[in-house]
Amino acid sequence: MADSSRICSWKIAFALDNPIRRFIHNPRKILGGYIEPGQTVLDLGCGPGTFSLDMAKMVGEFGKVIAVDVQEEMLQILREKAAQQGLESRIVTHKSDPNRIGISEKVDFALAFYMVHEVPSAEAFLKEIVSILKPKGKLLVVEPMFHVSATAFEKTIEVARRAGLSPISEPKISLSRSKLFQLG
């Protein structure tokens, strides 16, 4: 008999990572200007790896992706996909606590795609990211336009500023509100 929770996880994973989603939010188009070979990058709320797998290709054999999620099931799906694509040596998965990312390794770039609105405290979350970013490191925050109002997104930007991040651009991403920040 099939494990129904495992089937449910795969259904959710497919909803988060499928050809239509990758067409609308093409990881290479969105992240191509920010990630370079050899970097260490962070995918926050990675889910089943929609962005993590392409990030692993972008950092190359000497780079690393730290893929973080609160759901072990999503991390397991990502590990299986990474193994199928021969990328497992480039991706480190980490199960975070809902209140804390819980890593100390410094990163060049961090992605928070459609997830900041889900954290219990944006202030604590963004302060922790500041502690993880290398000097001049970048953070891309992307939130769903249909779920996060312009006012709520502006509050997130202000919290990020207070945490020590400087807004440097506003990338155009379909159906989204976005801001690129830099530390320092």
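The values are calculated or read from the model by the stated rules, or taken from the named source; none is laboratory data. Note that the coordinates shown come from a computational prediction; the quantities given were computed from them, not determined experimentally. Cβ coordinates were reconstructed from backbone atoms using ideal geometry, including for glycine residues, and neighbour counts include every protein chain displayed.
Could you identify the single residue in S166, S104 that is outside any strand (DSSP E or B), exposed (fewer than 13 other Cβ atoms within 10 Å of the Cβ) and polar (S, T, N, Q)? Just a single option satisfies the conditions, and that option is S104. Within segment 129-162, being hydrophobic (A, V, I, L, M, F, W, C) and closer than 24 Å to G33 by Cα holds for I129, V130, I132, L133, L139, L140, V141, V142, M145, F153, I157, A160. Of everything in segment 169-184 that is closer than 22 Å to L133 by Cα and loosely packed, with under 12 Cβ neighbours inside 10 Å, the residue that is modelled with the lowest pLDDT is G184.
Only one of the numbered conditions (1) at pLDDT 95 or above; (2) farther than 22 Å from V68 by Cβ is not met by K136, and that is (2).
Taking segment 65-87 only, how many residues are in contact with a Leu (Cβ under 7 Å, 6 or more places away or on another chain) and either in a helix (DSSP H, G or I) or surrounded by 19 or more Cβ atoms within 10 Å (Cβ to Cβ) (or both)? Summing the residues that are in contact with a Leu (Cβ under 7 Å, 6 or more places away or on another chain) and either in a helix (DSSP H, G or I) or surrounded by 19 or more Cβ atoms within 10 Å (Cβ to Cβ) (or both) in segment 65-87 gives 7.
Among the residues here, P135 does not qualify as in contact (Cβ under 8 Å) with a residue 12 or more places away in the chain, part of a loop (DSSP other than H, G, I, E, B), surrounded by fewer than 17 Cβ atoms within 10 Å (Cβ to Cβ) and of a type outside the set (F, W, Y). If a residue has to be of a type outside the set (G, A, S), in contact (Cβ under 8 Å) with a residue 60 or more places away in the chain and under 21 Å from F153 (Cα atoms) to count, how many in segment 100-128 make the cut? Selection size over segment 100-128: 6.
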